Each structure stands twice: as C-alpha cells, then as structure tokens.
Amino acid sequence: MKMVTQNHKNYWRYFLTIEDDLIKLSRFIEFDSENYSTYSIELVRILLVSCSEIDVLLKLLCKELKPDCDCKNIGEYADVILEKIPLIQELEIYIPEYSIKLLPWEGWKKGNKPEWWNDYTNIKHQRQANYKKASLKNALYAVAALYAVEILYYTQLEQHSVEGHAINLARYHHDLIAKLFELDSKYDPTEFG
C-alpha cells in the first residue's frame with residue numbers, strides 16, 4: 001500500500017487555498033442560482049487555477065489507476081478513469097451553507113467534456129472573447145470537480161482501491177475536510193454494513 005507523503009498533501013493544501021478564495025468571494029457574490037451568470041476577473045482566476053489543478057490531479061490519478069498511461073488531456077483521462085471509477089459521474093457535491101448540489105462530472109466521457117471545462121478551455125485560449133464565461137456557476141462546478149478528484153486521488157493512494165467503500169472512508173480522513181464542500185451522504189460508510 002502506498003503512503004500519502006508530505007508532497008502528496010500539497011495537492012490538498014492547494015485545494016484548500018482555492019476553496020478559501022471561494023469563501024472570500026462569497027462575501028461579495030451570494031452563492032445562489034440567480035447569481036450564476038455573474039462574472040469577474042476573480043472568477044477567471046479561480047476557474048483557471050482550479051481547472052489547471054484538475055488537469056494535474058487527473059493525470060496523477062490516471063497514473064495510479066494505469067501506471068503505463070500516457071494520457072495528455074481530459075478526453076484521454078476519461079478513458080482510464082471511467083473504466084475504473086465510473087462512479088465519478090454520479091458524485092454529488094454539496095455546498096450545505098447555500099443548499100447547492102452539484103454533479104460536476106455528470107455525463108463526462110471522451111467525446112463529451114463537462115460544460116464548465118469547455119468554458120475554461122475557451123477562456124484559457126481566448127479570454128477577451130469568452131470573459132463572460134468566467135461565471136460563478138463555472139467556478140463552483142470547477143472547484144467542486146476538483147474536490148471530487150482530490151478525494152478519489154487520495155483514496156487511491158491510501159486504499160489502492162476506489163470501489164464504493166474506499167470513497168466513503170476518504171470522506172472521513174482527517175486530512176480531507178473541506179470548509180465549503182461535502183460529498184453526498186449516500187457515500188457514508190455507515191450505510192455499507
């Protein structure tokens with residue numbers, strides 16, 4: 001079994017800094033569906049750093065799941081990850097304080113990227129033309145997607161399995177407590193006998 005090293009924990013700490021940025025942003029933009037189309041330079045930054053980190057962690061997760069993997073993009077990551085962890089598409093991420101439920105990886109497959117990822121790519125390559133796509137909705141989905149990938153990555157490192165119960169155990173790992181985001185309670189280990 002692999003051990004989670006201090007270097008591995010840097011990914012989680014980076015997630016926490018991004019999450020802190022979202023929490024600070026909530027003082028200025030209420031996290032409500034009525035504000036989902038709100039866009040700003042800060043939302044551009046949060047979206048860009050979140051998706052960049054998602055890319056890094058998906059690549060690492062693919063290497064854990066299939067060591068000979070030479071995946072280079074989100075479509076190639078889908079082939080590896082969805083074969084081993086199809087549950088990622090069903091992971092419901094909650095923001096309890098605002099009663100928000102997100103399924104950031106719903107419908108993901110090689111030829112079908114999440115909408116927030118497509119918007120990120122458009123912003124990354126043509127920021128001026130796509131500036132308004134740096135919305136609150138896309139930022140929330142991207143950070144929720146990062147949270148899901150963090151849990152799956154650390155679960156893989158610690159459990160060497162990402163089947164049902166391992167995901168549940170990761171939620172309670174003392175190092176994986178987020179301030180804003182939570183997994184749906186159906187991933188609670190007490191429900192797995």
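Quick one: 3J(HN,Hα) in Hz for region 113-120, Karplus 6.51/-1.76/1.60 with θ = phi - 60°, rounded, Gly and Pro as x.
Whole-Hz 3J(HN,Hα) from phi for region 113-120: 7, x, 4, 4, 6, 4, 5, 4.
Kindly provide log₁₀ I(q)/I(0) values, in the same order as q = 0.15, 0.17, 0.18 Å⁻¹, from the Debye equation applied to equal alpha-carbon scatterers of region 118-162.
Debye curve over Cα of region 118-162, log10 I(q)/I(0) at q = 0.15, 0.17, 0.18 Å⁻¹: -0.51, -0.58, -0.61.
By the scheme Lys and Arg +1, Asp and Glu -1, what is the net charge of all other residues having a beta-carbon under 11 Å from that of I23?
For residues surrounding I23, the net value is -1.
Quick one: which residues, 5 or more positions from E92 or on another chain, have an amide H under 5 Å from its amide H? H modelled 1.01 Å from N in the peptide plane, none for Pro or chain starts.
Correct list: D184.
Nearest 0.05, what FRET efficiency do D184 and K66 give at R0 = 22 Å with Cβ-Cβ as r?
Using R0 = 22 Å, I get an efficiency of 0.25.
So, how do all the Cα-to-Cα distances of region 40-81 break down into 5 Å bins, in percent, from 0 on up?
6, 25, 25, 16, 11, 9, 6, 2, 0
Ordering Y36, Y120 from largest to smallest accessible area (1.4 angstrom probe), what's the sequence?
The ranking, largest first, comes out as Y36, Y120.
Obtain the nm distance between the two label points defined at K24 and Q126 by a simple spin-label model: each point lies 7 Å from its Cα along the Cα-to-C-beta direction.
Inter-label distance under the simple model: 3.2 nm.
Could you tell me which of the pairs K84/K179; K63/K124; K9/K63; K101/K124; K59/K113; K72/K137 are separated by over 20 angstrom between their Cα atoms in the structure shown? Each step should come with its number before you reach the end.
Details: K84/K179 28 Å; K63/K124 25 Å; K9/K63 17 Å; K101/K124 26 Å; K59/K113 16 Å; K72/K137 26 Å.
Result: K84/K179; K63/K124; K101/K124; K72/K137 exceed 20 Å.
Could you do me a favour and compute the accessible area per residue for region 9-85, 1.4 Å probe, result in Å²?
Solvent-accessible surface per residue comes out at 50 Å².
Ignoring solvent entirely, what values of log10 I(q)/I(0) come out of the Debye formula for region 1-141 at 0.11, 0.13, 0.15, 0.21 Å⁻¹ when each Cα is a single scatterer?
Evaluating at q = 0.11, 0.13, 0.15, 0.21 Å⁻¹ gives log10 I(q)/I(0) of -0.44, -0.63, -0.83, -1.45.
So what's the net charge close to I74: Lys and Arg +1, Asp and Glu -1, counting the other residues with Cβ under 12 Å from its Cβ?
+2
Give me, ordered by chain and number, the residues 5 or more places off I100 or on other chains with an amide H under 5 Å from its own placed amide H.
Excluding prolines and chain starts, which carry no amide H, the hits are I95.
How large is log10 I(q)/I(0) at q = 0.28 Å⁻¹ when the Debye formula is applied to the Cα atoms of region 88-143, each weighted equally and without solvent?
Log10 of I(q)/I(0), two decimals: -1.10.
The values are calculated or read from the model by the stated rules, or taken from the named source; none is laboratory data. Everything numeric in this text was worked out from a predicted model, so none of it was measured. FYI the Cβ positions are ideal-geometry reconstructions off the backbone, even for glycines, and counts take in every protein chain you see. Just the protein is used for accessible areas: all its heavy atoms, side chains included, with ligands, DNA and RNA removed. Shrake-Rupley method; radii C 1.70, N 1.55, O 1.52, S 1.80 Å.
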